1. Quick one: the Cα spread of region A:218-312 along its three principal axes, in angstroms, biggest first?
2. Which residue, B:Phe270, B:Phe410, B:Phe71, has the most motion in a Gaussian network model of chain B that connects Cα atoms within less than 10 Å?
3. Over the C-alpha atoms of region B:316-444, what are the Rg and the largest Cα-to-Cα span, Dmax, in Å?
4. Quick one: grab the alpha carbon gyration tensor of chain B, order the square roots of its eigenvalues as a ≥ b ≥ c, and give me rounded if a/c is under 1.5, else prolate or oblate depending on whether a/b is larger than b/c.
5. With r as the distance between the Cβ atoms of A:Ser113 and B:Val398 and R0 = 45 Å, compute the FRET efficiency 1/(1 + (r/R0)^6) and round to 0.05.
6. Over all alpha-carbon pairs in region A:245-476, figure out the percentage whose distance exceeds 30 Å.
7. What residue among B:Ile314, B:Ile432, B:Ile397 has the largest mean-square fluctuation in a Gaussian network model of chain B, using Cα springs under 10 Å?
8. Below 8 Å, C-alpha to C-alpha, sequence gap of six or more: please give me the relative contact order for region B:7-226 in percent.
Amino acid sequence: MIHPKAYYFNTFQVDQAILDRLVEEGLRSGGSYCDLFFENTAYGNLLLRDGAVSSGGSHVDYGIGVRVLSGEKTGYAYSESTAWADMCECARAAAQIADKPVEVSPFGSRNPSRGEPNPSADRYPEKEPWLGVPMSSFLPFLQKLEADIKRRDSRIVKVIVNLAFQVSDILMYNSSRELKWDTRPMGSVAVTAIFQQGDKIENKSTSRSFRCGAEMLSEDLIADMAADVVKGIDARFEARRPKGGQMPVVMGAGASGILLHEAMGHAFEADFNRKGTSIFADKMGRQICPKGINILDDGTLPGNRGSLNFDDEGIPGQKTYMVEDGVLTSYLHDRISAAHYGVKPTGNGRRESFRYAPIPRMRATYMESGTAKADDLIGSVQKGIYVDEFSNGQVQIGEGDFTFYVKAGWLIEDGRLTMPVKDINIIGNGPAALADMQGVADDLIVDPGAWTCGKEQSVPVSCGIPTVLIGKLTVGGE
Amino acid sequence: MNALLTKEEIALARHCLAFAQAEGAQKVRITLSKTLLNLIGVLNGEVDKTSHALDRSLQLQLFVDGRFGTFSSNKLDREGLEAFIRDAIGTVRMLEADSFRNLPAPERLAKDAVDGRELDLYDESVESLTAEQRRELALGSCFWGHGEKRLIAEEGEYSDSVFDSLTLDSQGLFARHTETSFEIGYESTVEDAEGNHFSSYWWDASPRLKELSLNGCAETACQRAVAQIGPESVPSGKYTLVVDSECAAKLLTPVLNALGGYSLQQKNSFLAESLGKKLFPENLTIMDQPRTKGDTGCRLFDSEGVATREMPVIEKGVVKTYFLNTYISNKMGLKPTIEDATRIKVQPTGGCITREDVLRKAGSGILVTGFNGDNSNPATGNFSYGIEGFHFKDGKIVHPVREMLITGSFLDLWNKLLAVADDARPCLSKLIPTLAFKDVDFSS
């Protein structure tokens, strides 16, 4: 819910005059731009373990970050107090990045966006608030979820359910006199179940995370998560590691979007390109994958974990096509990189909290559906693997080499799924994998899991993809 | 010493402890901490960013009517904290009872961490550092502009920090830890003649500024990146694996995690029921040495205030320790130990001192200098990691390798241990030297 401006001024004990004076302090040493980021985040969590919700807590994080830019150089300081003296000290510390006046401000002053946030356009309203209600009201959800999971499989020996929620009140102001405010809710449920079959132990996990209120804790979510956490456990017990080596890989719709995040998304973040380190630094406007493929980063999906009304620099949330019809058309920009490239910011300036300066980050990154059928893509593979469950991934920006961990999948032989596989790593090179996409199905799924990106700072993101066939990746095995 | 925590803040923590008890908490633990950080970022030979930060936090662990909750706030005004504590106690009362929750037995608590300085981890020179000196420290380590034409980007950071924390509890615990940390780190990207990029890093850290290896940091990062130019593929198969000490923790950390109480109690550990059993080879001994004065990462007490002590974790292949805090030990019906490993040291074996000694002993195989991906299954102990490194023959590096994976299970891997060198870098929190293993599956 987006509150009236007065709510945020009251939360942070400031007014317009204080904001103006603080920005003046930040620019006193000659900085070309200054912005303020106020945050008050309330967190809550409940943990069900060994059959009881016997652990929980709440946490408060409050403060202001002041950023001063001198050209492309950044001075940053923060304070956990919004008393004038503390904020002022903070602004003066950030101001030290500049030691002489810079005449031209390239950071958004040409067309400042001074409009007020529109509550009716809120992408993540809370229908049922997280805060202000007893946490005991959430206990039945955890208990029902555990019971539903246990009911579905007698091999389950342990269930852990973790509910975490947070609500962040944000106020942003800058030297272009742009004032924005936002309230960002987030609810996440994570489940791990441990299964025992004879002397074999296996674990399965699943999570759901949305920017919304406590209305997400529904009967539907219980049924969805319970079904998901037991799905495929028989195959998991039977699964083996395949023989390793290079082979075609069919990536199932949904969580396989981690491929886009690791292999391409990071390399499209403009700070890596501005610094010349990205493998895509000189590829703008060039064909980087087959025609017909569109890859985008989207901050506008209602309730999505990566969505934003405004990014953490006050730029409106938006949808950014990075690849259109196979051609690289845009990087993901914050204000600094946008000024460097002479383009508009794309709303990707994000930060973990007031403790961090914003940098270009992804939101919800996905590929649009193609025209092929998933079964046909699998059917076209003589020998390869199909993968659809992942735990994490990583990329080396300079080389473009990426890796991600496959929790579960299937061996493909003569166009059929024949043997379950598990616990294998897949490694490849981003530009090579993009160029080697041989088919895109018509079944895009944006994964609802609690994905978190850890580039210098942790921010919530999501990812998605239709079923795709990549001609050749290296699969770990025995 | 100009400590971060003030007398007023310590008095506030004591007040919160008494207030929580007065409001109905039978037992309370409070940790008050502050961190002061100064950072200079450098890009291609110029200062690119500066950062100044003071963090503070008050964490409360409340035991109320057989129930338990954890709470924290960084708003440290007395009135606000009292309201926060009242709400927190109300929240704990809504949770289900848990009879296993308790404070540690008083005789297990640290009594020798009084002023926080006992481990000699505080360097007073941090108090007199100026902004200009910090810039000089950061820029003085640069390699940009020194004639390496293949270097296309160089990014680095110098930082210094002061950490000061105090843990109190309702049975009289007073445990303080104060330390400084100075760090330098550089990442370099180089380009070969075909336009391929290769990147690498180097870093150092120390509790004392004079022991920080500033010179050569960026140059080493650049040399490590250049060394990767011209990778060649190696066929899939079984090779001897040598893991550089810089990244060897990747292979040991999952073993330590599997000995952690929460993993064991939740049956999410491949080392369940391993205590006292010889599951590892005779030549593997791992010690925890948390009380070595002046050493990075050492602590006199854990997060419960329990005194640390030197102890074997694995001795001649036998599992000697689980990491059990009060809660988990009560749940498992075992004697509590310590919450987590503190300053792990893998004892040398196989007659090797340096990485070169290990390469000579191994003969031929793959030297791993970095991992790509953090991928393992805690329940089964299976892993699969992307690697970067070098093919070596007759003890000498032949060429870099790329896009390779190693796959296996940790118990099987450690039972193929060939050698442990004695070259762990003191800046690492875990002293794990260069390691060598026989017959490891590589895919390429």
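Computed from the coordinates by the stated procedures, all read-outs in this text should not be read as laboratory data. It should be emphasised that the depicted structure is a prediction, and the values quoted were computed from it without experimental measurement. Cβ sites come from the backbone with ideal geometry, for glycine too, and all protein chains shown count toward neighbours.
1. 47, 43, 27
2. In the Gaussian network model the winner is B:Phe71.
3. Expressed in Å, the Cα Rg and Dmax of region B:316-444 come to 17.1, 54.
4. Working: a/c = 2.25, a/b = 1.36, b/c = 1.66.
Oblate.
5. Working: r = 58 Å, r/R0 = 1.28.
After rounding to 0.05, the efficiency reads 0.20.
6. Values: 5257 of 26796 pairs.
Value for region A:245-476: 20 percent of Cα pairs lie more than 30 Å apart.
7. In the Gaussian network model the winner is B:Ile397.
8. Values: 470 pairs, mean separation 47.0, N = 220.
Contact order relative to length: 21 percent.
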